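*Asks:* Have a look at the structure that comes next, please.
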Amino acid sequence: MNDAGEMMPAARRDRRAIPHSVSPGLWTLAWRRLRRDRLAMISLAIVLAFIAMVILSGLGLIARDWAREVAVNYAPPTFVGAEITAAPATSAALPSGTAASPPAPGHDWEAEVVDPLGDVIAELRGEAQPNPGVGTPAPPGGAGGRTREDTGFVDPLADVMQEIEAAKHAAKPPAPASRSRGATADPLADVMKDIEAERAAPGTGSGATGGRRATLPFGADKWGRDVIAKTIKGSETSIFVGLAAAFVATFIGTVLGAFAGYYGRWVDDALNWFYSIFSSIPYLLLILAVAAVLQHKGTMTIVLILGLTGWTGVFRLIRAEYLKHKGREYVQAANAIGASNARRMYRHIFPNVSHVVLVQLSILVVAFIKSEVILSFLGFGVPVDVVSWGSMLNEAQNELLLGKWWQLVAAGVSMALLVTAFSLFTDALRDALDPKLRGSEGN
């Protein structure tokens with residue numbers, strides 16, 4: 001008896017000493033597969049870098065002054081070089097062989113405006129001869145000293161124009177001697193004088209205007225705003241819209257799909273009918289129709305539009321998963337111990353279908369970023385005071401006609417890089433979370 005009693009604790013000690021291993025979970029196996037995929041890790045690093053940039057931009061740590069006009073209009077990138085300042089417009093407008101003279105100090109600058117119909121009107125009036133000398137006032141009765149009887153052309157507004165000219169001469173001193181008879185006063189003369197004064201002011205630097213830079217690392221837009229800072233701020237809007245709208249659509253699709261797949265019968269029929277209505281309308285046309293009806297531009301409006309119209313794919317997949325899992329043994333065991341329907345749906349079944357939800361979330365982020373760009377490009381997206389990749393592309397289409405390509409390249413490359421990285425990461429995540437591969441790897 002004593003020997004048997006001594007052998008029992010030894011056997012128990014031997015059983016406790018037997019090594020045993022715990023099978024790794026789904027997420028542990030998925031992370032191990034992702035770490036072995038070099039392309040997936042590079043894609044994940046790019047996505048995380050963009051998300052970190054969005055967070056820093058939202059906190060105001062970077063691109064805070066993106067709307068500040070720091071350079072001249074359409075300032076080129078530094079590696080292209082500063083543009084050569086064009087000659088004054090007055091010299092380009094003069095005929096060949098005529099020298100342009102700068103405005104005399106103390107006199108209003110006047111532009112010689114060429115009337116394309118001047119010769120025709122002169123022929124009608126019989127005034128083909130040269131104009132009288134400078135400073136000689138026009139005699140009454142018509143220009144050039146011709147009367148109505150001489151020309152045979154009756155001007156119905158001649159009397160009114162004579163009264164206006166007489167009032168002008170009475171209220172205004174005579175024009176300077178430098179003003180020719182055919183000269184027309186330039187309404188922007190004061191503005192041009194200010195611009196010329198800023199250019200001639202010392203300390204502005206070569207090619208700069210009013211302290212603005214002639215070049216930027218990746219150029220400026222038509223207002224002189226830095227394209228790099230604008231691209232960073234635009235990524236904040238586009239990525240936020242993509243993530244927020246994807247969460248809204250995934251939540252709606254998951255809840256409705258779980259109800260349809262778990263309860264079945266009339267609940268499934270009603271939700272399937274609702275799903276069929278949304279899926280029968282082309283997706284992009286549905287988005288544009290909702291945006292046109294709302295007539296309210298804003299970031300949250302775009303999030304709601306995309307989220308309320310993009311849940312159909314998630315609904316279809318989650319419904320199929322719940323139909324498959326609700327009859328399995330672990331769900332029946334939960335029912336036998338008295339678990340409620342909500343607990344069985346979200347505590348027991350949902351963890352086994354969460355990989356489908358995560359993959360669909362990643363896919364929708366990419367799709368909604370592209371949808372936001374399309375909406376903003378077409379004018380249904382963000383308001384004027386908010387920048388996004390779509391609004392930058394909308395501006396760049398006009399700039400490209402002028403040969404200003406840097407804003408198009410900045411927005412296009414940023415969007416292509418993020419979308420490509422997110423798509424590659426989504427594919428790798430879907431392969432890593434495939435339940436059929438769960439038992440193919442050991443510890």
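The values are calculated or read from the model by the stated rules, or taken from the named source; none is laboratory data. Bear in mind the structure is a predicted one, so any value in this text is a computation, not a measurement. Positions of Cβ are generated from backbone atoms using ideal geometry, with glycine treated the same way; all protein chains shown enter the neighbour counts. Note: areas computed on protein heavy atoms with side chains; ligands, DNA, RNA excluded. Shrake-Rupley method; radii C 1.70, N 1.55, O 1.52, S 1.80 Å.
*Asks:* Hey, among the residues in segment 32-52 that are more than 34 Å from the chain's Cα centre (by Cα) and surrounded by fewer than 18 Cβ atoms within 10 Å (Cβ to Cβ), which one's nearest to Ala416 (Cα to Cα)? Steps first, answer last, please.
*Replies:* Going residue by residue through segment 32-52, those that are more than 34 Å from the chain's Cα centre (by Cα) are 32-33, 36.
Okay, now just the ones that are also surrounded by fewer than 18 Cβ atoms within 10 Å (Cβ to Cβ), so 32, 36.
Values: Arg32: 28, Arg36: 25 Å.
Looking at residues that are more than 34 Å from the chain's Cα centre (by Cα) and surrounded by fewer than 18 Cβ atoms within 10 Å (Cβ to Cβ), I get Arg36.
*Asks:* Would you point out which residue out of Leu417, Leu408 is surrounded by fewer than 22 Cβ atoms within 10 Å (Cβ to Cβ), more than 24 Å from Phe259 (Cβ to Cβ) and without any contact (Cβ under 8 Å) to a residue 24 or more places away in the chain? Don't jump to the end; show me each part of the working.
*Replies:* Values: Leu417 fails: without any contact (Cβ under 8 Å) to a residue 24 or more places away in the chain.
After ruling out the rest, the residue left standing is Leu408.
*Asks:* Does segment 325-364 hold any residues that are of a type in the set (D, E, K, R), in contact (Cβ under 8 Å) with a residue 60 or more places away in the chain and assigned to a helix (DSSP H, G or I), and which are they? Break it down stepwise before answering.
*Replies:* We begin by selecting, within segment 325-364, every residue of a type in the set (D, E, K, R); these are 326, 328-329, 343-344, 347.
Going one step further and asking which of them are in contact (Cβ under 8 Å) with a residue 60 or more places away in the chain, we end up with 326, 344.
Passing the criteria: only Arg344.
*Asks:* Could we say that Leu400 is open to solvent by 60 Å² or more (accessible area, probe 1.4 Å), touching a Leu at 6+ places or on another chain (Cβ under 9 Å), at negative phi and in a helix (DSSP H, G or I) here? Let's see the steps before the verdict.
*Replies:* Values: open to solvent by 60 Å² or more (accessible area, probe 1.4 Å): yes; touching a Leu at 6+ places or on another chain (Cβ under 9 Å): yes; at negative phi: yes; in a helix (DSSP H, G or I): yes.
Answer is yes for this residue.
*Asks:* What's the total number of residues in segment 350-394 that are closer than 17 Å to Ala292 by Cβ and open to solvent by less than 20 Å² (accessible area, probe 1.4 Å)?
*Replies:* Qualifying residue count, segment 350-394: 7.
*Asks:* What pairs can you find where one residue is in segment 38-59 and aliphatic (A, V, I, L, M) and modelled with pLDDT of 90 or more, the other is open to solvent by 70 Å² or more (accessible area, probe 1.4 Å) and in a helix (DSSP H, G or I), and their Cβ atoms are less than 8 Å apart, with a gap of 6+ or different chains?
*Replies:* Listed pairs, sorted by first residue: Met41/Arg35; Ile46/Leu417; Val54/Phe240.
To keep it simple, each residue is scored yes or no on (1) aromatic (Phe, Trp, Tyr); (2) over 16 Å from Lys230 (Cβ atoms).
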{"position": "His355", "(1), (2)": "no, yes"}
{"position": "Ser371", "(1), (2)": "no, yes"}
{"position": "Ile374", "(1), (2)": "no, yes"}
{"position": "Pro383", "(1), (2)": "no, no"}
{"position": "Val386", "(1), (2)": "no, no"}
{"position": "Met392", "(1), (2)": "no, no"}
{"position": "Trp405", "(1), (2)": "yes, no"}
{"position": "Ala421", "(1), (2)": "no, yes"}
